[in-house]
Amino acid sequence: MKEKILVVEDERIIACDIKHCLENFGYIVPAIIAYGEQAIAEVEQLQPDLVLMDMMLKGDMNGIQAAELIINSFNIPVVFLTAYSNESTLKKAKETQPFGYILKPFEETQLITTIEIALNKHQQETVIRDELQKEKEMRKLKSRFVSMVSHEFRNPLTAILNSTELLANQSQQLTQNKTDEYIYHIQNSVKHLNQLLNDVLLVGQAEVNQTQFKPAPLDLEKFCEDLVAEFKLIATEKHQIIFKVQGCCIQREENIELSKLPCLDEKLLRHILTNLLSNAIKYSPQGGEIRFDLFCLQGEAIFRIQDRGIGIPQIEQENLFTSFQRGSNVGKIPGHGLGLSIVEQYVELHQGEISLISKEGVGTTVIVTLPLK
């Protein structure tokens with residue numbers, strides 16, 4: 001589809017000639033405007049791809065003033081039409097940074113060529129500007145990422161260093177219980193570092209699109225039952241994990257007495273559900289029910305995980321899937337804020353959706369919807 005070009009020209013005959021010429025070359029002319037103020041209003045409503053603007057319009061606002069507002073407010077290229085070529089007028093026009101000039105009376109070839117060059121130049125500038133903005137955002141994200149990773153590594157490394165120094169310098173004075181305590185702190189810190197490093201690598205792979213997505217037939221109900229059984233072994237007695245299934249996860253072929261398993265990436269799905277179930281337990285320090293429901297409905301698998309834990313403050317929920325974001329109410333509960341970011345990326349690889357509902361002090365519900373292919 002050809003571009004829309006708004007013509008702003010107060011000489012009616014010239015305006016009609018321009019409209020006729022543009023339409024012969026396939027361009028769309030949605031309107032002809034005679035006044036600068038009206039041109040700004042029409043640009044906002046019509047959103048043309050380019051504006052042909054006469055410099056010397058009648059009324060309170062001339063074409064140069066109108067062009068400046070259009071370029072600054074709407075980022076739409078302007079090509080000036082003018083019968084004046086004196087230095088003073090051109091100097092004022094140049095300050096608005098237009099995309100070209102057409103002298104009246106114009107030639108058809110000059111008009112079309114100038115417009116095509118202007119459209120192409122604006123398109124290239126838009127692409128470059130978008131790329132620069134993306135690069136700027138990426139640099140900012142990388143800087144923040146490095147800063148947060150450094151901070152997260154510093155705490156367990158400090159704990160390891162302090163514990164090893166005490167063991168080395170005061171081993172003779174320490175009781176066996178105290179020695180075991182320091183060794184326990186070291187082991188926990190190493191586990192924390194290992195988990196943090198693994199999560200950082202996963203985030204990095206996802207950001208550069210290196211995470212491999214390998215869907216394969218999966219007995220979804222059995223997979224979830226086995227996962228829940230694993231969690232029941234590691235969960236405390238305070239927590240009750242209740243798993244229920246609704247619907248049939250085995251797809252039936254139409255007009256064929258055959259059934260087939262849905263195709264999902266078992267490795268990525270395990271990470272998604274493990275993270276969500278771990279969070280439900282971790283952020284329910286007082287215990288209680290952890291409800292895990294699987295719904296298989298109309299070609300979709302819907303996983304719902306509910307807890308009655310500390311919940312998430314409303315104001316912080318919007319950014320919770322951003323790397324290193326954690327609720328301000330987590331206190332001393334360990335974590336580094338990468339889990340949900342990875343989960344969201346793995347859900348997107350399945351072309352699925354994730355949503356979260358939470359209320360501080362009441363609990364959290366996370367719903368993951370994945371298409372059953």
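The values are calculated or read from the model by the stated rules, or taken from the named source; none is laboratory data. Note that this is a predicted model, so its numbers are computed, not measured. So basically every Cβ, Gly included, is an ideal-geometry build from the backbone, and we count neighbours across all protein chains shown.
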Within region 1-119, strands (runs of 3 or more DSSP E) holding 2 or more residues that are modelled with pLDDT of 85 or more: 5-8, 50-54, 78-82
Checking Thr211 against (1) at pLDDT below 85; (2) surrounded by 14 or more Cβ atoms within 10 Å (Cβ to Cβ); (3) within 30 Å of His20 (Cα to Cα), the condition it does not meet: (3)
Which of the following residues is modelled with pLDDT of 80 or more and within 29 Å of the chain's Cα centre (by Cα): Asp180, Asp130? Asp130
Exactly one of Leu141, Leu167 is at pLDDT 80 or above and either closer than 30 Å to Asn72 by Cβ or part of a helix (DSSP H, G or I) (or both), and that residue is Leu167
Find the residue count for region 28-64, including only residues that are in contact with a Lys or Arg (Cβ under 6 Å, 6 or more places away or on another chain) and buried (at least 21 other Cβ atoms within 10 Å of the Cβ). 2
In region 237-268, how many residues are at pLDDT below 90, exposed (fewer than 13 other Cβ atoms within 10 Å of the Cβ) and among the aliphatic types (A, V, I, L, M)? 2
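A quick yes/no check of all residues on (1) buried (at least 16 other Cβ atoms within 10 Å of the Cβ); (2) without any contact (Cβ under 8 Å) to a residue 60 or more places away in the chain:
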residue	(1), (2)
Ala301	yes, no
Asn319	no, yes
Gln351	no, yes
Ser355	no, yes
Lys359	no, yes
Val362	no, yes
Lys373	no, no
